[in-house]
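Okay, so here's the structure we're looking at.
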């Protein structure tokens, strides 16, 4: 569905879901940012203290895959709510950030390196 569903479609769906429940008054930027952080923490939980092999095995299970998908969706939903609330064009923001990262991390200096751009 990534190939056929646009960010605008997703924003519209999460906004419709929110509006049908009259939750907009609760969706202040500070609370949405906190929700993103909380959900991102939940996304980390299944991986905590596991080896790469244990993670591979976990993700190979139906339950592990379902948990990952749910937590990724929660993070994305709150990101879309935050973007909508603050009037951010997500695709534009991502493309702008990629352009900045391309100049901070030129291929010839950063390929195969995990160093921060200030250390290249």
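In terms of surrounding Cβ atoms within a 10 Å radius of their Cβ, 23, 49 rank from fewest to most as 49, 23.
Sum -39500 (n - 2.57) across every DSSP H segment of at least 4 residues in the chain, then divide by the residue count to get the 222 nm mean residue ellipticity, nearest 500.
-22000 deg cm²/dmol
Taking Cα Rg over 2.2 N^0.38 Å as calculated from this structure, the corresponding entry among (i) 1.30; (ii) 0.95; (iii) 1.09 is (i). Along the Cα→Cβ direction, 7 angstrom out, place labels at residue 100 and residue 37. What is the inter-label distance in nm? Those two pseudo-labels are separated by 1.9 nm. Divide the volume of the convex hull around the Cα atoms of the stretch 48-93 by the residue count and you get 102 Å³ per residue. Site pair residue 24 and residue 2 shows an inter-label distance of 3.2 nm when each label is modelled 7 Å from Cα along Cα→Cβ. Of 77, 38, the sequence from fewest to most neighbouring Cβ atoms within 10 angstrom is 38, 77. With contacts taken as Cα pairs under 8 Å at a separation of at least 6 residues, the chain carries a relative contact order of 33 percent. Stretched out straight at 0.36 nm per residue, the stretch from residue 15 to residue 119 would grow longer than its current Cα-Cα span by 33.3 nm. Listed from fewest to most Cβ neighbours within 10 Å, the set 27, 81 follows the order 27, 81.
Read-outs throughout are calculated quantities, based only on the coordinates presented, and are distinct from any laboratory measurement. For clarity, every value in this text was computed on a predicted model and none was experimentally measured. All Cβ positions, glycine included, derive from the backbone under ideal geometry; neighbour counts span all protein chains shown.
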